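Working notes, beginning with the structure itself.
The values are calculated or read from the model by the stated rules, or taken from the named source; none is laboratory data. Keep in mind it's a predicted model, so treat the numbers as computed, not measured. We place every Cβ from the backbone using ideal geometry, glycine too, and count neighbours over all the protein chains shown.
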Amino acid sequence: MKKFKSLAISKISKMPQTPGIYAFKKNGKFLYIGKAANLRQRVKQHAGLIKMAKHLCFIESKTDSEALLLEAKLIKKYQPKYNVSWKDDKNYFYVGITKESFPRVFITHQPKKRSSTQYLGPFISGRKLKKELNELRKLYPYRTCKSLPKKPCLWYYLNQCPAPCLFRAKRIEAYDIANIQGKEATGSMVTFFNGKPEKKLYRRFKIKLSGKPNDLAMLKEIIWRRLKHKEWLYPDLMIIDGGKAQLNLAASLTEIPVMAIAKKNNELYMKNVKNPIELKTLPRETFNLVLHMRDEAHRFARAYHHHLRKRHLFD
């Protein structure tokens with residue numbers, strides 16, 4: 001955590017005009033900690049604290065959202081006298097973050113001490129807190145619903161929710177590619193319905209692309225060819241073998257929600273989540289489903305690839 005810089009209370013004019021955290025201190029104790037978009041301008045508005053305090057401390061931040069999170073941590077750590085006594089506890093606001101694979105973020109007045117939820121706060125202004133959380137959500141999408149809906153809501157399509165409800169989607173398709181240096185390249189599409197394979201809906205593709213091996217180009221080909229078949233019902237979710245590059249490619253081709261799974265570290269990449277999610281952190285049912293679909297797509301692609309190689313040898 002960044003350290004406070006200190007100024008004599010008479011040096012307010014030397015405060016930076018940037019976002020950050022400010023604090024009034026007297027006899028080594030914190031009187032009040034606050035957040036500001038403009039530190040110098042905000043501090044000057046605390047006439048009463050200016051008269052009481054001996055020193056002024058501050059920490060600059062890059063954004064208001066960063067300052068919001070830091071303010072919560074510092075208030076919780078130092079419990080400044082006037083942050084706590086200005087209002088009754090029931091009028092304070094806290095941000096709750098559940099300890100789940102896809103954490104839920106919510107605002108509450110009464111944090112539960114014995115729970116698996118982490119709480120940040122207290123905050124005085126609910127209006128300001130909601131505004132800051134809305135801005136934060138644009139950078140780091142999070143979930144707010146108590147129970148998962150049957151399909152992605154508007155927040156997912158606004159890129160502000162990772163949509164864990166996608167794992168409950170009824171129809172999911174998984175894709176993989178098999179080839180040896182581009183030769184006899186094949187693609188597979190396996191379909192699961194309500195968590196179980198529907199083998200009659202499996203499809204295989206003989207890659208038509210020629211030239212040097214190019215996994216992204218091959219993936220693009222099989223997804224395009226699949227999407228042309230509108231008579232095959234579109235899935236609620238598509239799972240692609242690969243990482244960030246494969247995810248971005250697939251997402252650029254369709255509005256259907258897409259995820260990508262990287263085999264090396266068993267990491268799941270999602271369009272609205274900055275960092276990949278380790279599969280082992282997901283609920284066991286979801287973990288098993290994703291791995292089953294990935295392995296089944298891989299098996300089906302390799303089976304067709306080996307079939308073509310044998311046929312080529314005999315020819």
For residue 74, the lone unmet condition from (1) of a type outside the set (Asp, Glu); (2) in a helix (DSSP H, G or I); (3) over 17 Å from residue 5 (Cα atoms) is (3)
Answer yes or no: is there a residue in region 174-187 that is crowded, with 22+ Cβ neighbours inside 10 Å and among the charged types (D, E, K, R). yes
Between residues in region 1-28 that are among the basic types (Lys, Arg) and residues that are part of a helix (DSSP H, G or I), which pairs lie under 7 Å by C-beta distance while being six or more apart or on different chains? 26/52
For the subset of region 196-227 comprising residues that are free of Cβ contacts under 8 Å to residues at least 12 places away in the same chain and closer than 28 Å to residue 168 by Cβ, which member is surrounded by the fewest Cβ atoms within 10 Å (Cβ to Cβ)? 200
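Under the condition of being in a strand (DSSP E or B) and surrounded by fewer than 20 Cβ atoms within 10 Å (Cβ to Cβ), which residue from region 32-57 is modelled with the lowest pLDDT?
Ranking the candidates gives 55 first.
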Determine which single condition residue 205 fails, assuming it passes every other condition in (1) over 21 Å from residue 151 (Cα atoms); (2) outside any strand (DSSP E or B). (2)
Condition check: in contact with a strand residue (DSSP E or B) (Cβ under 9 Å, 6 or more places away or on another chain), assigned to a helix (DSSP H, G or I) and surrounded by 13 or more Cβ atoms within 10 Å (Cβ to Cβ). Does residue 249 satisfy that? yes
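Looking only at region 56-73, decide whether some residue is acidic (Asp, Glu) and under 25 Å from residue 257 (Cα atoms).
Scanning region 56-73, I find no residue that is acidic (Asp, Glu) and under 25 Å from residue 257 (Cα atoms), so the answer is no.
Hey, among the residues in region 156-184 that are of a type in the set (Gly, Ala, Ser) and part of a strand (DSSP E or B), which one's modelled with the highest pLDDT?
The qualifying residue modelled with the highest pLDDT is 174.
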Working carefully through the options 120, 136, find the one that is aliphatic (A, V, I, L, M), at pLDDT below 90 and in a helix (DSSP H, G or I). 136
Matching option when the condition is surrounded by fewer than 15 Cβ atoms within 10 Å (Cβ to Cβ), more than 16 Å from residue 270 (Cβ to Cβ) and in contact (Cβ under 8 Å) with a residue 12 or more places away in the chain, among 113, 146, 128: 146
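Taking region 208-246 as the search range and keeping residues that are part of a loop (DSSP other than H, G, I, E, B) and among the acidic types (Asp, Glu), which one is modelled with the lowest pLDDT?
Only one residue fits best here, namely 236.
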Please specify each residue of region 98-117 satisfying the condition of being assigned to a strand (DSSP E or B) and more than 22 Å from residue 284 (Cα to Cα). 105, 106, 107, 108
